[in-house]
Amino acid sequence: TTMALLFAADRADHVAREVEPALAAGKDVVSDRWYHSSFAYQGSEVDRAWVMALNARARRPNLTLFLDVPPEVAAARRLADGRPDELYDRIETQRRVAASYREVMALLAPRERIVVLDGTRPVDELSDEIHRLVCS
């Protein structure tokens, strides 16, 4: 509950301080995570409808790209990069969150422009597809 509240508050502050001024200046804004992550992470721990209500006023993205990567692959990548495990990095947590992300993407897809990409594909291939999607 506390984490859901903190992430929603941080997101609202970020929109007011960073996103809205950038958009008003005619800039494009790219974020590596948005409310979808709260729906998947905190929504897998507490009532997802409540988490969604907390984020109801968050600005909707024009495009969401979801890079779907199996938790085991993500863990191997973190290890290869020498990154330490963080709060949500336990493999059991990642499995639960991965399933939750898939539910969230399916739930929101009819209302939002969401594209699910296979994040295990070669980087060059993914980069080309992302460029095509963003520029279309």
The stretch 1-44 - residue that is under 15 Å from the mean Cα position of the chain (by Cα) and loosely packed, with under 11 Cβ neighbours inside 10 Å and, of those, nearest to L67 (Cα to Cα): D32
Cross-chain or 6+ apart pairs with Cβ under 8 Å, the stretch 61-76 first and over 13 Å from I130 (Cβ atoms), then in a strand (DSSP E or B): D68/V116; D68/L117; D68/D118
Any chance L54 is crowded, with 18+ Cβ neighbours inside 10 Å, in contact with a Leu (Cβ under 9 Å, 6 or more places away or on another chain) and either over 23 Å from F7 (Cβ atoms) or of a type in the set (A, V, I, L, M) (or both): yes
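Could you say whether any residue in the stretch 53-70 is within 16 Å of Y101 (Cβ to Cβ), of a type in the set (A, V, I, L, M), part of a loop (DSSP other than H, G, I, E, B) and over 9 Å from the mean Cα position of the chain (by Cα)?
Residues of the stretch 53-70 that are within 16 Å of Y101 (Cβ to Cβ), as a first pass: 55, 61, 64-70.
From what is left, the residues that are of a type in the set (A, V, I, L, M) are 65, 67, 69.
Then drop every residue that is not part of a loop (DSSP other than H, G, I, E, B), which leaves 69.
The next check asks that each one be over 9 Å from the mean Cα position of the chain (by Cα); those that pass are 69.
The answer is yes; a qualifying residue exists.
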Those residues of the stretch 86-136 which are surrounded by fewer than 11 Cβ atoms within 10 Å (Cβ to Cβ) and closer than 24 Å to Y41 by Cα, in sequence order: E86, L87, E92, P110, R111
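Any read-out appearing in this document is the output of simple, stated calculations on the displayed coordinates, not a laboratory observation. All values derive from a computational prediction rather than experimental measurement. Counting neighbours? That spans all protein chains shown, and the Cβs are built from the backbone with ideal geometry, glycine included.
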